[in-house]
1. Work out the FRET efficiency for residue 130 and residue 2 from their Cβ-Cβ distance, taking R0 = 35 Å, and round it to the nearest 0.05.
2. Hey, can you grab everything whose amide H is under 5 Å from the amide H of residue 61? Only 5+ residues off in sequence or another chain; H modelled, so Pro and N-termini drop out.
3. Enumerate the amide H contacts of residue 135 below 5 Å, restricted to partners 5 or more residues apart or on another chain; note that Pro and chain-start residues carry no placed amide H.
4. If you stretched the chain out fully between residue 62 and residue 158, how much longer would it get, using 0.36 nm times the residue separation minus the C-alpha to C-alpha distance?
5. If I model a spin label at residue 71 and residue 49 as a point 7 Å from the Cα along the Cα→Cβ vector, what separation in nanometres do I get?
6. Express in nm, to one decimal, how much length is gained between residue 96 and residue 146 on full extension, taking 0.36 nm for each residue of separation and deducting their alpha carbon distance.
7. Output ³J(HN,Hα) for the stretch 42-48: one whole-Hz value per residue in order, computed from phi by the Karplus curve 6.51 cos²θ - 1.76 cosθ + 1.60 with θ = phi - 60°, and x for Gly and Pro.
8. Counting other beta carbons within 10 Å of each residue's own, what order do 153, 5, 61 fall into, fewest first?
Amino acid sequence: MDRDWARLGSALRAAREDLGLEQQQVAERIGVKRGALRNVERGEISRVTPTVREYTRIVGWTEASIDAVLSGGEPTREAVPPDEPASAIVDTPEELPLRIKAALAAGGPVLDTAVINLPGEDGEDSEAQMVIIVKGRGGNATPEQIQKALLQWEKTEAQIRGSGKE
């Protein structure tokens, strides 16, 4: 079976950037040097190491995501990254509009988050970012319903990210 290490590294880098994390921050959380993380992101590895497993955990992927991405598939996200409780994700700064505060306070689990750099002129990133919080609508969704919602979000996220690259 062909395993695409560069694809895995690129997907991990994109997931890290989506979370607004710097390479150095992730390296420190894992307990490795930044160069080790750089090698993973460049695909300059040939096996799944504890560093790779911890990296996927930090970006909120399931364990099965590693093999899925290596085989050409997409990662599956945990409902909430394991070391980031939902309450921390939905803390509402005072400057948020009331309708956003109300939506965050409504019942339902936080399924995912994304930070997307908005495109600027000439294809470069602008100084603005879009922050997205994906929430389930009820507190008693089944695992199948949550998985379906996550798949819907992944399709939507791909459309959002693809729309700026014309």
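1. Numbers: r = 35 Å, r/R0 = 1.00.
FRET efficiency, residue 130 to residue 2: 0.50.
2. Amide H neighbours of residue 61: 78.
3. 111
4. Working: separation 96, 0.36 × 96 = 34.56 nm, distance 1.88 nm.
Once the chain is fully extended between residue 62 and residue 158, it gains 32.7 nm.
5. Result for the modelled spin labels: 2.5 nm.
6. On the way: separation 50, 0.36 × 50 = 18.00 nm, distance 2.64 nm.
In short, 15.4 nm is gained.
7. Each residue's phi maps through the Karplus curve to give 8, x, 8, 9, 9, 7, 7 Hz.
8. Working: 153 16, 5 19, 61 23.
Ranked by crowding around the Cβ, least crowded first: 153, 5, 61.
Read the figures in this text as sums done on the coordinates, not as results from a lab. Note that the structure is a prediction, hence the values are computed from the model and not measured. Quick reminder, even Gly has a Cβ in these numbers, built from the backbone with ideal geometry, and neighbours come from all protein chains shown.
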